[in-house]
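A.B. asks: I have a structure I would like to understand better, so I am pasting it below and will then ask my questions one at a time.
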Protein chains: 2
Amino acid sequence: MTSPYGLHRVLDPAGVLPQQAHRLDATPVCGPDEVVVDVSRLNLDAASYRQLREQYGVDGVRRAVLDIVAARGKMQNPVTGSGGMLLGTVREVGPDSPLGLRVGDRIATLVSLTLTPLRLTDGLARWDGADEQVPCEGTAVLFGRSIAAVLPDDLPEQLALSVLDVCGAPALTDRVVRRRTAPSVLVLGGGGKSGSLSLAAARRAGASRLVALVPTEKEADAVRSAGLADSVVVADARDPLAVAAAVGTRVDVTVVCVDVPGCEHGAILATADGGTVVFFSMATSFPAAALGAEGLAADVEMLVGNGYVPGHAAFALDLLRAEPAVRALFEHRQTQQA
Amino acid sequence: MTSPYGLHRVLDPAGVLPQQAHRLDATPVCGPDEVVVDVSRLNLDAASYRQLREQYGVDGVRRAVLDIVAARGKMQNPVTGSGGMLLGTVREVGPDSPLGLRVGDRIATLVSLTLTPLRLTDGLARWDGADEQVPCEGTAVLFGRSIAAVLPDDLPEQLALSVLDVCGAPALTDRVVRRRTAPSVLVLGGGGKSGSLSLAAARRAGASRLVALVPTEKEADAVRSAGLADSVVVADARDPLAVAAAVGTRVDVTVVCVDVPGCEHGAILATADGGTVVFFSMATSFPAAALGAEGLAADVEMLVGNGYVPGHAAFALDLLRAEPAVRALFEHRQTQQA
């Protein structure tokens, strides 16, 4: 019997989830609720790629990835613990798969490579090791609870991928903003990928005053021209008092999309009592958020930004299609992190 | 003009919040919205005390604390960054203080020592350095946004303190459970201090099925005898599959009160789609929670347990008074962490 979490693919140690496993069974034989994918590209997590390159050099990084995948049956960097995502084409769909995929669909996985059974068959011959985009041949397996998005025909693949990479943020922003009546909303890092999508999502969800905070005047100009916010302010998101001063009247909802440590206190200070802070940045420190709110006697609800909200991929792609300004920002920033 | 956040007490560097400051002005002169307290005891944060004792030994720890407070104007361990809380008697109340304290009130501070201006005047002569309870003489300053609880007359001081130490958990549990109609609730670490209070709070807030998960049969017996939950199960909270198996049908609300790393995935797996997980443990990892939910395709709301909810101190003390079973558990566990 197969498990929707992929427990049946765990070889070592027995009885853990695939993400915690040392080794998975990556045999490309399709279980009843599984999907087998012909993989064409890996997008390694940036932190993982950087670590491998520092340890092995550009020339050694190909061997390192091959060794990891051969040993573990998945691409999970043993030092950083992180993975990435993959692109491929559906080869086979089990009769009980709930994912709604069809043979031949071009897909991107939205669950991490750290839990995806993977086999590489081309020795990564086409990858020069120079960046984290890894063209490859091989197979991967999706489980009943995996998440994959069918790549749209009408958008360039690289653009679609960069939207899918951050698609949890606009979906959760939509949900949080809709819970309130015309709330004021602040997005820290409003000029980035997840930030600009979150601004657009907040506007559509009924935000009244919409404030974007960005680090530079140049970025402020871009967000202003795009018309994504009612006001655009410039401040260092890591400086709580500067954030509070720049924002002025405290907002009902703050969305943190700045991927640097130390933005917790500014977000809390800028949020009114009874308000909500949503942290999307992986650089968020749990103790800094918890103790910061306590130290400031701030009665704010603080949410861990869950990267999964049902329908998040389609929601984010639709936002991009409907908002030329968001698309323009994405196309300008495709080489930058957000 | 004084700031409710204590900005006027920051000496170095200028323009940061007191918690981030290197040095505060601890002069015991009462500003218009301040309160000056005669301090009688410090409760050092356990991690801070341990670090100081390892670095300086039992004989050197007194000198180390005196040096830190003299240099910084607050008791913030420069290595761990943490502080603790203090006990004292209100000496003076500024005319504009919103805290509702009166001269002579015996109080405990519920904001961290890391942001509380402190001066020690007795050289810590009565402290032998053997544990984190530091009898002392000195003064502290509370700000407009500080939080302090008046110690109740009807409870032993040590018992009241151990309740106040975790009083954010039951208050937020109450709020989260009341949002739903008769939800099922799971408390990981239901036998501990914050856990037993959270169970009692969940029951009063209308929880239907109430499950406590504890690490040992001995602890399970104690919680069963206390009648705090409908069912008590034994499992290692760090083992996601063991947690899921022990809990059975997934619950609507999970409250994490286990202060060890690695409990995020079990909490997520045990929670139904559309449910809420509240993380109170300072050992919670933000990335583990965010990536875990994504990897499990779990549509759960995850809250950072804010230690501040208005009225939390009175709420927790009232729970203890009203629930003899909770009080009995506290009295039995007063030497243990929860």
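A.B. asks: Express as a percent, rounded to the nearest 5, the fraction of DSSP beta bridges in the protein assembly as shown (both residues included) that run antiparallel.
C.D. replies: If we restrict to bridges inside the protein assembly as shown, about 60 percent are antiparallel.
A.B. asks: For the stretch B:284-295, what does the Karplus curve 6.51 cos²θ - 1.76 cosθ + 1.60, with θ = phi - 60°, yield as ³J(HN,Hα) per residue in whole Hz, taken in order and with x for Gly and Pro?
C.D. replies: 5, 9, 4, x, 4, 5, 5, 6, x, 4, 5, x
A.B. asks: Report the residue, chosen from B:93, B:326, B:58, that carries the largest GNM mean-square fluctuation when chain B is represented by alpha-carbon nodes joined by springs under 10 Å.
C.D. replies: Judging by the Gaussian network model, the answer is B:58.
A.B. asks: For chain A, what relative contact order do you get, as a whole percent, if you take Cα pairs closer than 8 Å and at least 6 residues apart?
C.D. replies: In percent, rounded to a whole number, it is 14.
A.B. asks: So which lysines can residue A:193 reach, going by Cα to Cα under 23 Å and dropping same-chain residues fewer than 8 places off?
C.D. replies: Of all the lysines, those that pass the test against residue A:193 - Cα under 23 Å, at least 8 places apart if same chain - are A:218.
A.B. asks: Using amide H atoms built 1.01 Å from N in the peptide plane, name the residues 5+ places from residue A:138, or on other chains, whose amide H lies under 5 Å from its own.
C.D. replies: A:39, A:121
A.B. asks: Based on DSSP, what percent of beta bridges with both residues in the stretch B:168-337 are antiparallel, to the nearest 5?
C.D. replies: Once the DSSP bridges in the stretch B:168-337 are tallied, antiparallel ones form about 0 percent.
A.B. asks: In debye to the nearest 20, how big a dipole does the protein assembly as shown give about its Cα centre with +1 on each Lys and Arg Cβ and -1 on each Asp and Glu Cβ?
C.D. replies: For the protein assembly as shown, the charge dipole is close to 480 debye.
A.B. asks: Additional query: Towards the positive end of the charge dipole of chain A, with charges on Cβ (+1 Lys, Arg; -1 Asp, Glu), say which of A:205, A:27, A:133 has the farthest Cα.
C.D. replies: A:205
A.B. asks: Right, another one. Hey, could you get me the Stokes-Einstein D for the stretch A:168-337, Kirkwood radius over alpha-carbon pairs, 4 °C and 1.567 mPa s, rounded to whole µm² s⁻¹?
C.D. replies: D, rounded to a whole number, is 84 µm²/s.
A.B. asks: Still on this model: List the relative contact order of the stretch B:7-151 as a percent without decimals, with contacts defined as Cα pairs under 8 Å and 6+ residues apart.
C.D. replies: It comes to 32 percent, rounded to a whole number.
A.B. asks: Could you state the angle between the C-alpha long axis of helix B:168-178 and the longest principal axis of the C-alpha atoms of chain B, as a value from 0 to 90 degrees rounded to the nearest 10?
C.D. replies: Rounded to the nearest ten degrees, it is 40.
A.B. asks: Closest beta-carbon to the B-to-A rotation axis: which chain B residue owns it, and what is the separation in whole Å?
C.D. replies: Minimum Cβ distance to the axis, with residue: B:286, 2.
A.B. asks: I want to verify a result. In a Gaussian network model of chain A, Cα cutoff 10 Å, which of these has the top mean-square fluctuation: A:100, A:195, A:138?
C.D. replies: So, out of A:100, A:195, A:138, the one fluctuating most is A:100.
A.B. asks: Calculate the translational D of the protein assembly as shown in whole µm² s⁻¹ from Stokes-Einstein, where the hydrodynamic radius comes from the Kirkwood formula applied to all Cα pairs, the temperature is 25 °C and the viscosity 0.890 mPa s.
C.D. replies: D = 92 µm²/s.
A.B. asks: What is the ratio of the Cα radius of gyration of the stretch A:1-152 to 2.2 N^0.38 Å, where N is its residue count, to two decimals?
C.D. replies: Here the Cα radius of gyration is 0.98 times the empirical estimate.
A.B. asks: Kindly give the distances from residue A:80 to its copy-mates, label point to label point, with each label point 7 Å from Cα along Cα→Cβ, as nm values to one decimal ordered shortest first.
C.D. replies: Once sorted, the set of distances for residue A:80 reads 3.2 nm.
A.B. asks: Can you list, shortest first and in nm, the gaps between the label point of residue A:40 and those of its counterparts in the other copies, using a point 7 Å from Cα in the C-beta direction?
C.D. replies: So the label point of residue A:40 gives 7.5 nm to the other copies.
A.B. asks: Still on this structure, I have one more. At residue B:60, with labels set 7 Å past Cα in the Cβ direction, how many nm apart are the copies from this one, shortest first?
C.D. replies: Counterpart label points of residue B:60 in the remaining copies fall at 3.9 nm.
A.B. asks: Ok, one more. Hey, got the dipole for chain A? About the Cα centre, +1 on K and R Cβ, -1 on D and E Cβ, debye to the nearest 20?
C.D. replies: 260
A.B. asks: Whole-Hz ³J(HN,Hα) for each residue in the stretch A:68-82, computed from phi via Karplus 6.51 cos²θ - 1.76 cosθ + 1.60 with θ = phi - 60°, x for glycine and proline: what do you get?
C.D. replies: For the stretch A:68-82, the Karplus curve yields 4, 5, 5, 6, 9, x, 6, 9, 10, 4, x, 8, 7, x, 9 Hz.
A.B. asks: Only Lys, Arg, Asp and Glu count, each charged at its Cβ (+1, +1, -1, -1), so figure out the dipole size of the stretch B:168-337 about its Cα centre, rounded to 20 debye.
C.D. replies: 520
A.B. asks: For the stretch B:239-338, build the charge dipole from Cβ charges (+1 Lys, Arg; -1 Asp, Glu) around the Cα centre, then report which of B:246, B:326, B:311 sits farthest towards its positive end.
C.D. replies: B:326
Each value in this text was obtained by applying a stated rule to the coordinates, not by laboratory testing. Remember, predicted model here, so these are calculated numbers, not experimental data. Neighbour counts run over all protein chains shown; Cβ positions are idealised from the backbone, glycine included.
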